[in-house]
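Input: a single structure, listed below in structure tokens.
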Amino acid sequence: MIRPRLWNDAVAVLGHQVDDPYVRRYWTAVIGPGAVADLLRLTVAALRGIAVVRPVRLGVLVRENLVRVEDSTVWVRPTVPPLSVAHVRRLPPALRGEHSRVRWSSGV
């Protein structure tokens with residue numbers, strides 16, 4: 001069991017809520033539905049101050065800089081940043097084009 005904590009930084013101000021359609025559509029395409037579900041569980045646990053089972057995909061979330069682990073504490077941002085250029089390149093072509101249109105129309 002782990003008790004995640006909120007990681008408030010500059011990205012938290014610029015990001016999307018974890019349950020935002022942007023996260024579900026684009027981040028799921030990049031890191032997979034299981035990792036997005038783990039991120040949602042960690043975020044809710046951090047907001048409520050409760051412990052959860054250590055996520056199977058914690059390594060993916062750390063690699064993508066969505067959470068960090070320091071001294072066995074898991075830090076999770078209250079929001080999810082927009083996709084980086086490298087992430088967008090990993091999207092299928094149709095989704096990449098859709099993301100480009102959404103990004104410019106929403107100011108993200």
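Assorted remarks:
- Test for residue 80: is it of a type in the set (A, V, I, L, M) and in contact with a Gly (Cβ under 7 Å, 6 or more places away or on another chain): yes
- Beta carbons closer than 7 Å, at least 6 apart along the sequence or on distinct chains, pair a first residue in region 85-105 that is at pLDDT 95 or above with a second that is assigned to a helix (DSSP H, G or I) and open to solvent by 80 Å² or more (accessible area, probe 1.4 Å) for 88/96.
- Filter pass, residue 95 being assigned to a helix (DSSP H, G or I) and buried (at least 19 other Cβ atoms within 10 Å of the Cβ): no
- Number of residues in region 1-38 that are touching a residue at least 40 places away in the same chain (Cβ under 8 Å), assigned to a helix (DSSP H, G or I) and touching a helix residue (DSSP H, G or I) at 6+ places or on another chain (Cβ under 6 Å) equals 4.
- Count of region 11-25 residues which are open to solvent by less than 100 Å² (accessible area, probe 1.4 Å) and at pLDDT below 75: 2
- The set of residues from region 54-68 being under 13 Å from residue 37 (Cα atoms), open to solvent by 100 Å² or more (accessible area, probe 1.4 Å) and either out of contact with any strand residue (DSSP E or B) (no Cβ under 6 Å at 6 or more places or on another chain) or assigned to a helix (DSSP H, G or I) (or both) comprises just one member, 56.
- Only listed residue being over 17 Å from the mean Cα position of the chain (by Cα), under 18 Å from residue 2 (Cβ atoms) and open to solvent by 20 Å² or more (accessible area, probe 1.4 Å), chosen from 37, 51: 51
The values are calculated or read from the model by the stated rules, or taken from the named source; none is laboratory data. Everything numeric in this text was worked out from a predicted model, so none of it was measured. For neighbour counting, all protein chains shown are included, and Cβ atoms are generated from backbone atoms with ideal geometry for every residue, glycine included. The protein model used for the area step is the full one, side chains on, heavy atoms only, and it has no ligands, DNA or RNA in it. Shrake-Rupley method; radii C 1.70, N 1.55, O 1.52, S 1.80 Å.
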